[in-house]
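Undergrad: Sending over a structure as structure tokens; questions will come in a sec.
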Amino acid sequence: MEHGNAFVEIAAILGLATVLGVIGQWLRQPLLIMFLVTGVLAGPAFLGIISSYEQIELLANIGIALLLFIVGLKLDLGLIRTIGPVALVTGIGQILFTSIIGFVIAIALGMSGISAAYVAVALTFSSTIIIVKLLSDKKEVDSLHGQIAIGFLIVQDIAAILALVALTTFGSTVSEGNAVIGEALLIVVKGLGFLAAVALLMRYVLPSLTRRLAGSQELLILFAITWAVFLGAASEWLGFTKEVGAFLGGVSLASTAYRDAIGARLTTLRDFLLLFFFIDLGARLDWSTVGAQVADALIFSVFVLVGNPLVVLVIMGVMGYRRRTSFLAGLTVAQISEFSLIVAALGVSIGHITQETMGLITLVGVVTIFLSTYMILYSGQLYNLFSRPLKIFERRNPYREAAIDTLDHTFAVDVILVGLGNNGSALAEHLLRQRKTILGVDFAPDVLTKWNNRGVKVLYGDIADPELLGHLPLSKTRWVVSTVRSRELNLALVRHLRHDGFEGGVALTALNEEEADAFVAAGADIVFRPFVDAAEQAADALTQAMDFLPDHVHWPINFLETRIRPGSLAVGRTIRELPLRTETGVSILAVNRAGRVFYDPGPTFQIFPGDRLILMGPAQALREAELMLNEPEIVDDDEPVDHFVLAEVHVGNDSSLSGHTLAELHFRQVHGVTVVGIRRGAEQILAVSPTEKIFNGDWLIVVGFAQRVKQLKAQEPL
């Protein structure tokens, strides 16, 4: 085909993929499935659009390299050591189970020994590329089950390489008795040498190289792509797969400070290039011989869809993992991979199997890839459906996951913080600064390890797990806070908490006002609006900058806007009491408080939490002044820390308060609490004025410091 026609061909394929993607969204179908359908329709069996297979395959291979490279970026050596044993045992166990049982089924269906062997090998391996893409889309790559799944998929890839070497050697004209062993040993030697070379570069070259390249974002990203593709190519040249090399490339950069920036910039490019992988996979499916193989294909498909997850469940259960983790990891092996088609094509080329067997493997691949995609996407719902019978696969003490936890059910906590990502970690920092006791909950083991090392109690768990609440000390908790940005998960959390009788506060994170209203209606006490709050603060800072910063004037003095945090030394002090000007030479030009601007505040002006100060002075001095203003106040550990509470207080039948108004009784001044409501029989008075009278039998809803409320309740009935 001419060069111009290849471009038009790719344009037509992209157009077809876009149309089918829109239809898939309308039908609420996964895009991955629609891209496979695009390949099938564009292939020779239907529209016949594709003829430039080499160009499409090249783009697909680069996408595969970037996919595994980004996965490797999220791993570190400590995590690999943690999941290595379970990944190795599960990977080998699943390979042995599937190959042996698959061979027996094939023989029972009347296949010859060699054909049965090829089918057994084809059924053994799962698609690393498809699984990693699905886990990435669901944001589960960092979860424990995601990391274990990636681990045993890598084990499968290595076993696949050895299987390919064995089949190639077995089919060659020179078939000496020790040929397979020799080839396998050569692969091992090459692999160890490859690992050693990458380790040396990782230790002595890559850290300094990335620091130099980081001065230019474009150059850093170009290097990352080059590194991923180069190691993928080197891996193929050594006899491995491109996936192994690209994955090692990511791992080698995972310990640098730039891994997050690289991963974020490459994600969009990865998704675009992977489109060509799924199109290429769909286009290469051979449908000419599948008609007579439907019955056998369905038998093998059921075996793969059910048998493979079961063996993972058994192995991980014996090794001490909870059934939910085992089930979610097991679903990732419920399909055969593109490598299975490569194995089958190799068998046809060397005359070991017929086109009919190739058609059988093709049909099993189509069925299992399609169905397992839905199984993984709806894994949470499937687990809820099968949760009870899955108990037989869980040990009484799932000690492996219990080892991740540092939870002691006997201690009380102020806040259970669900989600320790960027937003959750920042919230945890501020809560700890205010001397609150927190329990962190997350599904990423590395995040939990980070906070555990800091002495924070942590629990491995996923908010989507309905059994999570049973592991939480809710009876000893004042607040449950979720920083997870998912409407469905947050609604499920608050409903479960209220259904189980949790009487503490619930705070959720909303992306918009519609979500916020839904959370409040479901029973949330507080709703965080991070985007709205950030936008409001940004607008205030910009407005202040417009009002105070010099316009078209070259001024050597610098300006800085800073927000006063609760619990800092500046809170409650006057400007005179802050040694700002004497120690740093910085002046306060203005203070923005709740939208009101105080220009040139005087020495008696008092600083409150949340105030935004416009500072003026030399650049270095401004940073010193900001640190001084927000230095946390040191609290004496022996000093009791009081907090606000809401409580009910009963007015007795012979109370001297009866018939008097709150103003006449000077209730607030005498008792130090505020009456915010009155429950009088079936009547509820929500707006309480100072002229409201108190009667015998009333229940006063009061708010105030816990110590004062305790003193008031000690007088009950009043």
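The values are calculated or read from the model by the stated rules, or taken from the named source; none is laboratory data. This is a predicted model, so every value here is computed, not measured. For neighbour counting, all protein chains shown are included, and Cβ atoms are generated from backbone atoms with ideal geometry for every residue, glycine included.
So that you can scan it fast, the table gives a plain yes or no per residue for (1) at pLDDT below 90; (2) more than 30 Å from Asp142 (Cβ to Cβ):
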residue: Gln293; (1), (2): yes, yes
residue: Leu298; (1), (2): no, yes
residue: Val302; (1), (2): no, yes
residue: Val306; (1), (2): no, no
residue: Val314; (1), (2): no, no
residue: Thr325; (1), (2): yes, no
residue: Ala334; (1), (2): no, no
residue: Thr354; (1), (2): yes, yes
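Undergrad: Go through Ile678, Ile588 for me and flag whichever is at pLDDT 85 or above, within 46 Å of the chain's Cα centre (by Cα) and over 29 Å from Thr574 (Cα atoms).
TA: Sole residue among the options that is at pLDDT 85 or above, within 46 Å of the chain's Cα centre (by Cα) and over 29 Å from Thr574 (Cα atoms): Ile678.
Undergrad: State yes or no: is Gly93 buried (at least 21 other Cβ atoms within 10 Å of the Cβ), in the same structural domain as Trp287 (by TED's automatic domain parsing), in contact (Cβ under 8 Å) with a residue 60 or more places away in the chain and closer than 23 Å to Asp157 by Cα?
TA: Judged against the criteria, Gly93 is not a match.
Undergrad: So for the range 31-53 (the condition being farther than 15 Å from Thr373 by Cβ and of a type in the set (Val, Ile, Thr)), does at least one residue qualify?
TA: The answer is yes, given that some residue of the range 31-53 is farther than 15 Å from Thr373 by Cβ and of a type in the set (Val, Ile, Thr).
Undergrad: Further question on the same structure: Among the numbered criteria (1) loosely packed, with under 14 Cβ neighbours inside 10 Å; (2) at pLDDT 90 or above, which single criterion is violated by Phe411?
TA: Of the numbered conditions (1) loosely packed, with under 14 Cβ neighbours inside 10 Å; (2) at pLDDT 90 or above, the odd one out for Phe411 is (2).
Undergrad: For Ser235, indicate whether it is of a type outside the set (Lys, Arg) and more than 20 Å from Ala159 (Cβ to Cβ).
TA: no
Undergrad: Okay, moving on. Which of (1) buried (at least 22 other Cβ atoms within 10 Å of the Cβ); (2) out of contact with any Ser or Thr (no Cβ under 7 Å at 6 or more places or on another chain) does Thr332 not meet, given it meets every other one?
TA: (2) is the only condition that Thr332 fails.
Undergrad: Just to be sure, is Gly320 among the small types (Gly, Ala, Ser) and crowded, with 24+ Cβ neighbours inside 10 Å?
TA: no
Undergrad: Could you list, ordered by first residue, the pairs with Cβ atoms under 6 Å in which the first is in the range 9-31 and within 19 Å of Ser52 (Cα to Cα) and the second is part of a loop (DSSP other than H, G, I, E, B), at least 6 apart or interchain?
TA: That search, which allows pairs on different chains as well, returns Glu9/Ser52; Ala12/Ile49.
Undergrad: Now for a separate question. Against the condition assigned to a helix (DSSP H, G or I), modelled with pLDDT of 90 or more, on the phi < 0 side of the Ramachandran plot and of a type outside the set (Asp, Glu), how does Ile107 come out, does it pass?
TA: yes
Undergrad: Anything in the range 335-364 that is buried (at least 24 other Cβ atoms within 10 Å of the Cβ) and within 29 Å of the chain's Cα centre (by Cα)? List them, or say none.
TA: Selection gives Gln335, Ile336, Ser337, Phe339.
Undergrad: Still on this model: Residue check: is Ile50 touching a Phe, Trp or Tyr at 6+ places or on another chain (Cβ under 9 Å), β-branched (Val, Ile, Thr) and closer than 18 Å to Leu274 by Cβ?
TA: Judged against the criteria, Ile50 is not a match.
Undergrad: Suppose we filter Ile50, Ile62, Ile70 for residues that are assigned to a loop (DSSP other than H, G, I, E, B) and either buried (at least 21 other Cβ atoms within 10 Å of the Cβ) or touching a Gly at 6+ places or on another chain (Cβ under 6 Å) (or both); which single one remains?
TA: Ile50
Undergrad: Check Phe240, Phe276, Phe247 and return the single one that is in contact with a helix residue (DSSP H, G or I) (Cβ under 7 Å, 6 or more places away or on another chain) and not in a helix (DSSP H, G or I).
TA: After applying the criteria, what remains is Phe240.
Undergrad: For the range 121-139, give me each residue that is touching a residue at least 40 places away in the same chain (Cβ under 8 Å) and not in a helix (DSSP H, G or I).
TA: The answer is Phe125, Ser126, Ser127, Lys138.
Undergrad: Same structure again: Give, as residue ranges, the helices (runs of 4 or more DSSP H) completely inside the range 281-375 that count at least 3 residues that are touching a residue at least 12 places away in the same chain (Cβ under 8 Å) and over 20 Å from Val132 (Cα atoms).
TA: 294-302, 308-318, 338-349
Undergrad: How many of the residues making up the range 644-694 are in contact (Cβ under 8 Å) with a residue 24 or more places away in the chain and part of a strand (DSSP E or B)?
TA: 14
Undergrad: Moving to a separate point now. Would you confirm, using the coordinates I've provided, whether Ala12 is at negative phi, under 29 Å from the mean Cα position of the chain (by Cα) and assigned to a helix (DSSP H, G or I)?
TA: Against the criterion (at negative phi, under 29 Å from the mean Cα position of the chain (by Cα) and assigned to a helix (DSSP H, G or I)), Ala12 does not qualify.
Undergrad: Does the range 215-229 contain at least one residue that is without any contact (Cβ under 8 Å) to a residue 24 or more places away in the chain, at negative phi and not in a helix (DSSP H, G or I)?
TA: Among the residues of the range 215-229, at least one is without any contact (Cβ under 8 Å) to a residue 24 or more places away in the chain, at negative phi and not in a helix (DSSP H, G or I), which makes the answer yes.
Undergrad: Pick from Leu75, Leu59: which is at pLDDT 85 or above and closer than 27 Å to Leu135 by Cα?
TA: None of the other options fit; the residue is Leu59.
Undergrad: Moving to a separate point now. Residues that are touching a Phe, Trp or Tyr at 6+ places or on another chain (Cβ under 9 Å), surrounded by fewer than 19 Cβ atoms within 10 Å (Cβ to Cβ) and more than 25 Å from Tyr383 (Cα to Cα): does the range 487-503 have at least one?
TA: No, that holds for no residue.
Undergrad: A follow-up question, please. Contact list please: Cβ distance under 7 Å, first residue in the range 189-206 and surrounded by 11 or more Cβ atoms within 10 Å (Cβ to Cβ), second residue outside any helix (DSSP H, G or I) and aliphatic (A, V, I, L, M), pairs at least six apart or on different chains.
TA: Sorted first by the residue in the range 189-206, then by its partner, the pairs are Lys190/Leu238; Phe194/Leu238.
Undergrad: What number of residues within the range 174-213 are over 38 Å from the mean Cα position of the chain (by Cα) and modelled with pLDDT of 90 or more?
TA: Residues flagged as over 38 Å from the mean Cα position of the chain (by Cα) and modelled with pLDDT of 90 or more within the range 174-213 amount to 0.
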